[in-house]
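Trainee: Take a look at this one; I'll ask things after.
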Amino acid sequence: MALANTTDSTGLSHQMRKRPFRRPGENLIMVALVLCAAVSIATTFAIVFVLFADAIGFFREVSFWHFFNFANDWQTLFDPRSFGVWELVAGTVNVTLWSMVIALPLGLAAAIYLSEYAHPQTRRFLKPLLELLAGVPTVVYAYFALTFISDDILLPLFGENISFFNSLSASVMLAVMILPTIASVSEDAMASVPRDLREAAYGLGATRLEVAFRVVFPAAISGIMAAILLAIARVIGETMIVAVAAGSTPNLTLWPHESIQTMTGYMLQVALGDAARGTTDYTSLFAVGALLFVMTFALNVAAQIIVRRFREAYE
Amino acid sequence: MSIRVRSTNPTDDEAREALQGRPAEEHVPSHNITKPEGEPAFSISDLNFWYGTKQALTNVGLDIPRKKVTALIGPSGCGKSTLLRCLNRMNDLIPGVTIEGNVRYRSADIYGPGVDPVEVRRRIGMVFQKPNPFPKSIYENVAFGARVNGFRGNLDDLVEGSLQRAALWDEVKGDLKQSGLALSGGQQQRLCIARALANNPDVILMDEPCSALDPIATLKIEDLIRELSTDYTIVVVTHNMQQAARVSDYTAFMLTDEEITGQLIEYAPTEMMFTQPGDQRTEDYISGRFG
Amino acid sequence: MSFVEATPDAITLRAEGRVARRQAWSRASRWILLGATGVGLVVLVILGIDNAIVGIPSLDWDFLSSYPSRKAEIAGIRSSIFGSVWVLVFTVAFAIPVAVGSAIWMEEFAPQNAILTTVRLNIANLAGVPSIIYGILGLAVFVRLMELGPSILAGALTLALMILPMTVITSVEAINQVPPSIREGSLALGATRWQTVWYHVLPGAMPGIMTGTILAVARAAGETAALIMIGAFTFIAFDPALSFSGLLDSFTTLPIQVYNWTLRPQTEFRANAAAGIIVLMIAVIGLNALALVVRDRLRQS
């Protein structure tokens, strides 16, 4: 700014340099603005500190190896208590797997339809409607997962073969919840594939279907990967749907008909159970929370890196 | 489909009648529009075109000869690219366009009922202004058309043959697996030509194929165009008059003026057009007085 | 080329054989893909209808104006409506000034260096942090460390941090939309940079900021997990006091009440949950619609 012109030392420009576009009082405003921006940095530090401080307390009681040992159950209710986190991770992976099995084909189909088939006016109308699915409070989906999907559909359909609380009912509603994420992020990726490539394919006598699947889809694949990672991060972090409908029995299984417990489900259970501060139950909340935070953080960062690479490839 | 096509001459009877030697003058009203000898590859008459309500072509009519190079020249905005894209129905892909008139390819009305644009584009290949190889290997770029068409012959031979015809084989035969995007601009454009040739088209449309290339790469493409014209009908849009003079047998000059957008001013054998233009506006343009 | 040789060979440009099959697939794919696009919406409509059938009979003035109860037929959502509104008012009051302040600093004043890049990346990552983690943060910092207890204040602060990244991102976008020529014009007239921001940039960015704020409120209005984490899952049968000390009262919110009823094994509570969902969805859809209206209104003026 004004400091660039340091060789000039005439009075006027010296004065201007002293007060570059600023009045008394504005320095205070500047400080306030910087403080505002600092809040988000402080939040990150606070999250990391809070999670890891108490997680360290947990690992004083329970060894790291015990926590990550496949052979151990997650059994915190009665002695001998055992904190093998893989059962909770398995629950999270379980709902992630099945919700993606449902949401991926539908979400990508929607993205392809909106990007390659829909008339601009249809798209303007359909996209906000689809995005409304992401705006529905998750407790509403939780209620539907339990009362509608599980009670009214899955139980009559499978009877004894499925438990009342099951991973599938939660996965169905999780899939509905993340549909717009997959559809809209993938659609953005496909829309940024250059028009040239579509024209080249059409010029060679490709049909719309072939252009969409053989040219646009492969060209947008990294953006689509980012969409999938973001969707997975959302599923992993979602709490209400799994806490209500998937059950509360830690279970090392990937079957959709069984009752399970996810990491978030366990955390909510501890919060409802009024665990006393300092107990292993209480600190286990932070250990699981820290693991959850690391997982979602890694997914989000990976998605951002992929998106940035993808943008560079087409700029 | 989002286009409205109003064919003024859609019936089969009339098509047959046209084949049985109707006088050509009916299609080419102006005395500055030459009718090339022989049976034309394309026969265009009374072609009007609108983007939405904006007219882009007005009463264009000309015959494009077979196995010759025809250049479309004119200042930007004159409609030459639009005309080119009418020949393989690429304009269908733009929402809200209207096409009126008659475009015949050999005997068939390109906009006739039942005509499939995919079939049209398979026979009438296209090369674009900016080289646009797919982000795939050289091999897959050339094989694309064959793969979507379910080609049953020897794909390796087809790829090699097409690359040879496009004068690219010697430069890339060592590594067909490398990405098409790794090639230089001129090589990319020849790859795009090879890709079009692999479809075994009758016609190749080229939309300013050299405008993004350096002079040496441009010369190579121009040589290639000359060479290909022994077997293919080629229509090339260019705003480079020297290029039109170098590569084409026939030249069409188009212009948008205050009253009429996208009109065909003059159409003649290239030599004649550049030595004794029949229209003052053509002369002004080729002597560089505007455009 | 002689005329004889040029006898027109009959060609057809109709789709035949393979091309016809490919085109048939292509045409069919349009409807298949449209169908797949519609699945989510159809599910939402079915759930909405099912929910309306179950919930509407319970939805009356008594339901809106009664406190929760162990008896399903007299239970209502009075305290959760008050709780929701109170918490949201303070959430907005805390989050928006901070979010807009950060956005102004990032777009108008920050030096273009590693610090700014760090702040940007940090906000993008915070936006992806699950709400339950914000709940843990609120529990450890506001409830325990600052000893606010599971109060309206603690809830509002927790939700404010949760919606902060989202509101910063939308505010940054809104400020970005203001054309640079407006800034230059103002600076050229001798205005300071802050005056330029205050009198020209912010009014121009207002529609975008308002829209983002309303959408963030919609998200906070439906948040459950973070508030349960700070201990807001309690039985509340009083209205919050309209005083500063009232901020330290415990509270419940509409989504928490819905969760509570969903957990009850008795089927009568299912109708209550459904009725609560109707109210919640009206609020959320209303806020989304409001966001669209605000954007269009302010853009015109």
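The values are calculated or read from the model by the stated rules, or taken from the named source; none is laboratory data. Treat the numbers as computed from the prediction; the structure is a model and nothing was measured. Cβ placement follows ideal geometry from the backbone for every residue including glycine, while neighbour counts extend to all protein chains displayed. Ligands, DNA and RNA are stripped out before the accessible areas are found, and what is left, the full protein with its side chains, is counted by its heavy atoms. Shrake-Rupley method; radii C 1.70, N 1.55, O 1.52, S 1.80 Å.
Trainee: From the residues in region A:199-221 that are in contact (Cβ under 8 Å) with a residue 24 or more places away in the chain and open to solvent by less than 40 Å² (accessible area, probe 1.4 Å), which one is nearest to C:Arg18 (Cα to Cα)?
Mentor: Checked region A:199-221; the qualifying residue nearest to C:Arg18 (Cα to Cα) is A:Val211.
Trainee: Oh, and also: For a quick check of your reading of the model, give me the residue pairs whose first member lies in region B:132-155 and is within 12 Å of chain A (Cβ to nearest Cβ), whose second is assigned to a helix (DSSP H, G or I) and among the polar types (S, T, N, Q), with beta-carbon atoms closer than 6 Å and at least 6 apart or on different chains.
Mentor: Once the first residue is within 12 Å of chain A (Cβ to nearest Cβ) and sits in region B:132-155, its partners that are assigned to a helix (DSSP H, G or I) and among the polar types (S, T, N, Q) give B:Pro133/B:Asn141; B:Pro133/B:Gln188; B:Phe134/B:Asn141; B:Val142/B:Ser162.
Trainee: Moving on to the next point. Quick one: count up the residues across region B:88-104 that are within 14 Å of chain A (Cβ to nearest Cβ) and surrounded by 23 or more Cβ atoms within 10 Å (Cβ to Cβ).
Mentor: Looking only at that region, the number is 3.
Trainee: So, of the residues in region A:34-65 that are over 25 Å from the mean Cα position of the chain (by Cα) and open to solvent by less than 50 Å² (accessible area, probe 1.4 Å), which turns out to be farthest from the other protein chains (Cβ to nearest Cβ)?
Mentor: If we take residues in region A:34-65 being over 25 Å from the mean Cα position of the chain (by Cα) and open to solvent by less than 50 Å² (accessible area, probe 1.4 Å), then A:Val62 is farthest from the other protein chains (Cβ to nearest Cβ).
Trainee: Output the number of residues of region B:246-267 satisfying the condition of being touching a helix residue (DSSP H, G or I) at 6+ places or on another chain (Cβ under 9 Å) and open to solvent by less than 50 Å² (accessible area, probe 1.4 Å).
Mentor: 15
Trainee: While we're here: So for region A:138-148 (the condition being outside any helix (DSSP H, G or I) and under 18 Å from A:Val101 (Cα atoms)), does at least one residue qualify?
Mentor: No.
Trainee: If C:Ile285 satisfies all but one of (1) within 12 Å of another protein chain (Cβ to nearest Cβ); (2) in a loop (DSSP other than H, G, I, E, B); (3) open to solvent by 60 Å² or more (accessible area, probe 1.4 Å), what's the number of the condition it fails?
Mentor: (2)
Trainee: Just name the residue that is nearest to C:Val19 (Cα to Cα) out of those in region B:145-181 that are among the small types (Gly, Ala, Ser) and exposed (fewer than 12 other Cβ atoms within 10 Å of the Cβ).
Mentor: Once the filter is applied, the top-ranked residue is B:Gly150.
Trainee: May I pose another question? Report those strands (runs of 3 or more DSSP E) wholly inside region B:198-288 carrying at least 1 residues which are in contact with a Pro (Cβ under 8 Å, 6 or more places away or on another chain) and hydroxyl-bearing (Ser, Thr, Tyr).
Mentor: By residue number, B:233-237, B:250-255.
Trainee: Additional query: Search region A:204-243 for residues being touching a Gly at 6+ places or on another chain (Cβ under 9 Å), at the interface with another protein chain (Cβ under 7 Å from one of its Cβ atoms) and of a type in the set (A, V, I, L, M), and hand back the single one that is nearest to B:Val142 (Cα to Cα).
Mentor: Residue satisfying both the conditions and the ranking: A:Leu204.
Trainee: Specify the residue that is nearest to the other protein chains (Cβ to nearest Cβ); the eligible residues are those in region A:188-197 that are touching a residue at least 60 places away in the same chain (Cβ under 8 Å) and open to solvent by 10 Å² or more (accessible area, probe 1.4 Å).
Mentor: Out of the qualifying residues, it is A:Pro194.
Trainee: Mind counting the residues in region A:225-266 that are assigned to a loop (DSSP other than H, G, I, E, B), out of contact with any Leu (no Cβ under 7 Å at 6 or more places or on another chain) and open to solvent by less than 20 Å² (accessible area, probe 1.4 Å)?
Mentor: 4
Trainee: Can you name the helices (runs of 4 or more DSSP H) wholly within region C:89-181 that have at least 2 residues being hydroxyl-bearing (Ser, Thr, Tyr), more than 8 Å from every other protein chain (Cβ to nearest Cβ) and under 17 Å from the mean Cα position of the chain (by Cα)?
Mentor: C:152-177
Trainee: Yes or no: A:Ala275 assigned by TED's automatic domain parsing to the domain that holds A:Leu174, surrounded by fewer than 22 Cβ atoms within 10 Å (Cβ to Cβ) and out of contact with any strand residue (DSSP E or B) (no Cβ under 8 Å at 6 or more places or on another chain)?
Mentor: Taking the combined requirement at face value, the residue satisfies it.
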